[in-house]
Amino acid sequence: MKLGLNGLGRIGKLSLWNHVAKKYFSELVVNLGRDVGNGLEDIAAAIEKDSSYGRLSTYINGYKGGRVIENLNEAAGTMTINGVPVTFLRTARNPKDIDWQGNQVRLVVDTTGVFKDPTADADEGRGSVRGHLQAGAEKVIVSAPFKIKAKGLDMPEDAITTVMGINDDDFDPSRHSIISAASCTTTCLSYMIKPLIDYFGADRLLSASMVTVHAATGSQEVLDRLPAAGATDLRKNRSILNNIILTTTGAAKALALVIPEMQSIGFIAESVRIPTSTGSLIVLVLNLQDELDNPIKRNLLNDIYEEYSKTSPYLLYSTEQNVSSDIVGMPKAAVVIESTEIHTRTATIRVNLNQLKNIKVEGSGSSMLEVPFTQAAIYGWYDNEFGSYSNMLGELTKTIADRMV
């Protein structure tokens, strides 16, 4: 099967790296939608070198290196990368105008981050994700969470959000045409939450909150600049080289689509951007209801993650003391659990029953309810660009391709 990639930004480029290394697809067709530099030589140079991950040739061949991009044909827009034929399309930006059908592409991964609304019509404005289907693709994977712009609209029946190894079995090839691979943060977070829900059950998770200490992204400014007219968040226009910047994340909303049990749990998700190029950290804080006289301790939480890591190739359990650069490029790791930093504190929640709805306190008995609980702090590393997200996206892409055959 041929694979189509729309876009060659950070995730598009690293997805290309992933697929030419794994060689699962016989051929890749990459839509750029515009001319790049002075031609195919400049495209090849942009693919070969990366400021965060080094050279493609080193990634594939190790210290031996060696040439991996060959047979450039400017007229045809083709080259071979690690022996995989790759065709570059440079004319259409609107998905409905991309010649997927003419290039015999059935499966497309849209990495632009632009077309995220599964309810938008193919002919709408600059286009939509449905345009890929109109152009001949059978399935489209979006490398970002869905974002429905119109209020009141439900998720279409043919759209689904999945994280590989968590709920990819929910994908139904006879029903779903548009698949969101969620986000790097949601992918990491789902692997931090799922083992705990499997062990304790969702009803024992009283509340949760998380902060992702996140590397910079391409949407941020290198130097300060004036905001656009009507901008409300002035921090987005400040230099990521010089600042820690507060921002937002849709991880909590997306997580509920991947793990439905989270819909009943109070959950807050926040994000802080820091001046690193990749490598991020989630700090997850949970309140878990204890059993009487059997409080939850850090050793139990470590045991849960260690056991989960034995059956899941995407959760890594680490007993080392890591820093962010240690996990950059680490393949297939949705999360690296920092076991040495899991902490717990056992306490009691005291609830005044007189302040609760539908509770009537009679007689002279106590109106206070005491609930034993443990507060846990859990740290999870993830390479938000390549090691975690692009690799997990590649695994999901292969799985969906298998189910299309």
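Every read-out reported here was derived from the displayed coordinates using simple, explicitly stated rules and does not represent laboratory data. Everything numeric in this text was worked out from a predicted model, so none of it was measured. Note that we place each Cβ from the backbone using ideal geometry, even for glycine, and neighbour counts take in every protein chain shown.
Side notes on the structure shown:
- Degrees between helix 391-404 axis and first principal axis of the chain (Cα, 0 to 90, nearest 10): 70
- Pairwise centroid distance, computed over Cα atoms, of the stretch 3-76 with the stretch 107-125, Å: 23
- Sorted fewest first by neighbouring Cβ atoms within 10 angstrom, His176, His132, His214, His343 come out as His343, His176, His214, His132.
- Under a model in which nothing but the beta-carbon of Lys, Arg (+1) and Asp, Glu (-1) is charged, the stretch 185-387 shows a dipole of about 620 debye around its Cα centre.
- Max mean-square fluctuation residue, GNM over the chain, Cα-Cα springs under 10 Å, options Glu291, Glu306, Glu341: Glu291
- Over 26 Å apart at the Cα level, from the set Lys297/Lys332; Lys13/Lys332; Lys116/Lys139; Lys139/Lys332; Lys116/Lys398; Lys116/Lys253, are Lys297/Lys332.
- Local electrostatic count, Phe200, Cβ distance below 12 Å [Lys/Arg +1, Asp/Glu -1]: -3
- Surrounding net charge for Pro95, when Lys and Arg each add one and Asp and Glu each subtract one, Cβ distance under 10 Å: +2
- The Cβ shell under 13 Å around Thr311 holds other residues with a net charge of -1, Lys and Arg each +1, Asp and Glu each -1.
- Backbone HN-Hα couplings from phi across the stretch 158-174 [Karplus 6.51/-1.76/1.60, Hz, Gly and Pro as x]: 9, 10, 8, 9, 9, 10, 4, x, 9, 9, 5, 5, 6, 5, 10, x, 7
- Phi to ³J(HN,Hα) by Karplus 6.51 cos²θ - 1.76 cosθ + 1.60 over the stretch 26-33, Hz, x for Gly, Pro: 6, 7, 10, 10, 10, 9, 9, x
- Couplings 3J(HN,Hα) for the stretch 92-102, derived from phi with the Karplus relation 6.51 cos²θ - 1.76 cosθ + 1.60 (θ = phi - 60°), are 10, 9, 6, x, 5, 9, 6, 7, 5, 5, x Hz, where x marks Gly and Pro.
- Calculated [θ] (222 nm, deg cm²/dmol) that DSSP helices of n ≥ 4 give over the chain, each run adding -39,500 (n - 2.57): -6500 deg cm²/dmol
- Annotation for Arg67 and Thr247: the two label points, set 7 Å from Cα along the Cα-Cβ direction, are 3.9 nm apart.
- Simple rule: put +1 on each Lys or Arg Cβ and -1 on each Asp or Glu Cβ in the chain, find the dipole, and look at Ile337, Asn287, Leu226; the Cα lying farthest toward the positive end is Leu226.
- Note on the chain: with charges restricted to the Cβ of Lys and Arg (+1) and Asp and Glu (-1), its dipole about the Cα centre is near 720 debye.
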